[in-house]
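Chemist: This is the structure I have questions about; it appears just below.
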Amino acid sequence: MSHHLVVRVVSKLLIPYILLFGLYVQFHGDFGPGGGFQAGVIFASAFILYALVHGLNNARKVLPDHWVRIGVALGLIIYAGTGVISLFLGRNFLDYDVLSQNPVSGQHLGIFAVEFGVGLTVASVMVAIFFAFAGRGHKIDEMEG
Amino acid sequence: MVLTVFLIVKLHNLFAVVMISGIYSLLAATFFVVVDAVDVAFTEAAVGAGVSTVLMLGALSLTTRTEKTGTRKPFVPLVVVLLTGGALVYGTLDMPVYGDPNAPIHQHVAPVYLEEGIKETGVPNVVTVVLASYRSYDTMGEVTVIFTAGIAVMALLAVGAGGRRRRKDGEDKA
């Protein structure tokens with residue numbers, strides 16, 4: 001699809017804003033609608049758009065496969081690790097009260113960390129699934145030109 | 001929304017079906033906005049209308065674009081679907097009126113979450129509070145499900161493709 005000039009220019013213009021919006025949804029999920037799941041999908045859609053327009057191989061150069069694999073596992077580790085930290089601090093698994101001096105900011109910190117883990121895993125899994133599907137068939141590569 | 005569902009059943013061109021299911025997700029998202037479930041609407045629009053459409057198109061490129069017509073008679077599945085649907089509709093007759101403040105679901109833990117949530121966590125979005133704090137175990141299970149799905153797809157599809165790509169690269173160099 002690299003000969004479609006309009007698509008290329010518009011996607012290049014849009015991708016930074018998609019990434020920014022994903023980050024906004026991720027870190028503003030405490031106050032407005034959104035959260036890790038939605039943010040992860042939006043963040044992944046930016047990379048998928050890049051892969052659709054500029055070809056899978058270029059997208060793999062931007063975001064190598066082993067990074068995606070690390071992201072898939074790291075998000076879940078962050079989530080479970082938050083629970084383990086609260087275990088070590090003498091409370092129940094995933095009890096965020098002890099993560100900070102007072103329980104309210106501890107809860108806030110815990111929710112923040114957990115949502116970040118969710119977002120990381122969801123984004124990585126979406127990119128990984130897309131790469132897996134697109135890397136399999138040669139028709140998509142031909143369509144991308 | 002009903003029209004899109006019938007189109008999905010009727011059409012045999014899978015490309016069109018994928019597109020219509022994307023439209024269905026978008027309509028479902030607007031429906032969720034109407035009933036004030038903004039977080040769910042957000043998810044439906046991002047996942048249903050966005051990423052899953054692209055993933056389905058990716059899957060289509062691996063298979064064919066037209067549906068094969070089945071040879072089996074559709075009567076038994078039809079009876080099963082009608083029975084299940086009938087049972088579900090019968091079940092809804094017992095449900096309280098939508099928005100009834102005296103419904104059991106509004107009496108159990110929901111008032112505690114709504115009143116104590118912001119005091120205990122300092123997070124105004126109740127959905128986030130319930131999802132990430134009160135029901136944190138469930139959410140961890142969901143993340144594990146997504147993790148497992150990703151690992152499964154990679155195990156089934158990505159590894160073989162990676163091997164083939166490496167071999168092709170090697171040939172190109174040689």
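The values are calculated or read from the model by the stated rules, or taken from the named source; none is laboratory data. Treat the numbers as computed from the prediction; the structure is a model and nothing was measured. A quick note on method: Cβ atoms are made from the backbone with ideal geometry, for glycine too, and the neighbour counts reach across all protein chains shown. Surface accessibility is based on the protein's heavy atoms, side chains included, excluding ligands, DNA and RNA. Shrake-Rupley method; radii C 1.70, N 1.55, O 1.52, S 1.80 Å.
Chemist: Would you call A:Phe130 at the interface with chain B (Cβ under 7 Å from one of its Cβ atoms) and either over 19 Å from A:Gln26 (Cβ atoms) or in contact with an Asp or Glu (Cβ under 7 Å, 6 or more places away or on another chain) (or both)?
Modeler: yes
Chemist: Please indicate, with yes or no, whether at least one residue in region B:33-40 is of a type in the set (Asp, Glu) and over 15 Å from the mean Cα position of the chain (by Cα).
Modeler: So far as region B:33-40 goes, yes, one or more of its residues are of a type in the set (Asp, Glu) and over 15 Å from the mean Cα position of the chain (by Cα).
Chemist: Please verify whether region A:91-99 includes one or more residues that are farther than 23 Å from B:Val130 by Cβ and more than 10 Å from chain B (Cβ to nearest Cβ).
Modeler: There is no residue in region A:91-99 that is farther than 23 Å from B:Val130 by Cβ and more than 10 Å from chain B (Cβ to nearest Cβ).
Chemist: Can we say B:Leu27 is within 11 Å of chain A (Cβ to nearest Cβ), in a helix (DSSP H, G or I), more than 30 Å from A:Leu109 (Cα to Cα) and at pLDDT 75 or above?
Modeler: The answer is no for B:Leu27.
Chemist: Against the definition (open to solvent by 40 Å² or more (accessible area, probe 1.4 Å), without any contact (Cβ under 8 Å) to a residue 12 or more places away in the chain and under 29 Å from B:Met154 (Cβ atoms)), how does A:Pro16 come out, yes or no?
Modeler: Yes.
Chemist: Test B:Thr128 against the criterion of being in contact with an Asp or Glu (Cβ under 9 Å, 6 or more places away or on another chain) and at pLDDT below 75, and give yes or no.
Modeler: No.
Chemist: Give me a count of the residues in region A:72-86 that are more than 9 Å from every other protein chain (Cβ to nearest Cβ) and over 15 Å from B:Val145 (Cα atoms).
Modeler: The total comes to 5.
Chemist: Additional query: Cβ-Cβ below 9 Å, separation at least six or inter-chain, first residue in region A:55-75 and under 20 Å from B:Gly58 (Cα atoms), second outside any helix (DSSP H, G or I): which pairs?
Modeler: Pairs found: A:Gly55/A:Met1; A:Gly55/A:Ser2; A:Gly55/A:Gly145.
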